[in-house]
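The values are calculated or read from the model by the stated rules, or taken from the named source; none is laboratory data. In this text the structure is predicted, and so the values were computed from the model without any measurement. Cβ placement follows ideal geometry from the backbone for every residue including glycine, while neighbour counts extend to all protein chains displayed.
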Amino acid sequence: MNLHLAILQSAGWLVPPGQRAEWLAEWRAEVWYVRQRDSRQATGFCVGAFRDALWVRQNSPVKARSPLRPESPTKCPGLLGLMAAVCLFFALRLPGPRAVVGDLAPILRGGQLAPGLQAFPIPAMLTELVVALLLLAATTPLSLGECPTNRNRRRWVFMSGKIVLLVPIVFFGSLDLGAVIGIEIQGPCMLAGYLMAFRWALVDQRQRCPECLRLLTHPARIGRPSQRFLEWYGTEFACTMGHGLLYVPENPTVSFRTQRWLHLDRSWSVLFS
């Protein structure tokens, strides 16, 4: 029985914390019933808990608030700017780092940035940046959803600012990481860093109000999975300032291919105060 409980405890880490206790209690009761009928099937039954835990996690609304993604539109670029400054600060303290920002000639000639750490040429860095953008466009939908066109300009300016700050974070952060772990910086590593950073910027942007650029909160499931072909099934998010609601479909359909923003006028603001 201890082995079975250990399997359930391991699978329980995949379940959101708010549902974990109830989920474990239900599975423990079911395992006890299975052991009473046939103890040889109990282990295989417990392994199936991982599949159920993944299903619960995927079908549980994700909270928009996160320490790494500040709700305020001013704190987000502020945090990214601070991270970029920290990465640059430590990069300047590496042996020979001033060639990165002060004298570009050693870099263009392929000079050494640090012992065992080859300098990354600026043209190669730009190439990795362009390749990352192309891979992002090929693997991730770039659409930010349907919203009023007069509000798209502010969203794109905000997103462009995040991308501009993410570039030095990945570049100088890769130099710092390479110096710490003592290995050469390779192009694929920096390419992966750019790809993950840009994908994060897209995901973060889709979860923000197009009017105030705050992270949306109060996720709520609407509809049932069994009726997704006939009725709308997805998650609804709300702006804490009362600007509107965001509807994100669970699976894109012909009538609802992307997330959709519903603007609310000032008469609704009393519900969010």
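Worth pointing out:
- Of everything in segment 124-159 that is loosely packed, with under 13 Cβ neighbours inside 10 Å and modelled with pLDDT under 70, the residue that is nearest to Tyr247 (Cα to Cα) is Pro148.
- Pair list, Cβ under 6 Å, 6 or more apart: segment 211-230 residue under 13 Å from Leu245 (Cα atoms), other residue of a type in the set (A, V, I, L, M) and at pLDDT 85 or above: Leu216/Leu246; His218/Ala238
- Where Cys209 falls short, out of the listed (1) more than 22 Å from Glu250 (Cβ to Cβ); (2) at pLDDT 85 or above: (1)
- Within segment 187-223, if we keep just the residues that are of a type in the set (Lys, Arg) and part of a strand (DSSP E or B), the residue that is farthest from the chain's Cα centre (by Cα) turns out to be Arg221.
- Tally, over segment 1-46, of residues that are touching a Cys at 6+ places or on another chain (Cβ under 6 Å) and among the basic types (Lys, Arg): 0
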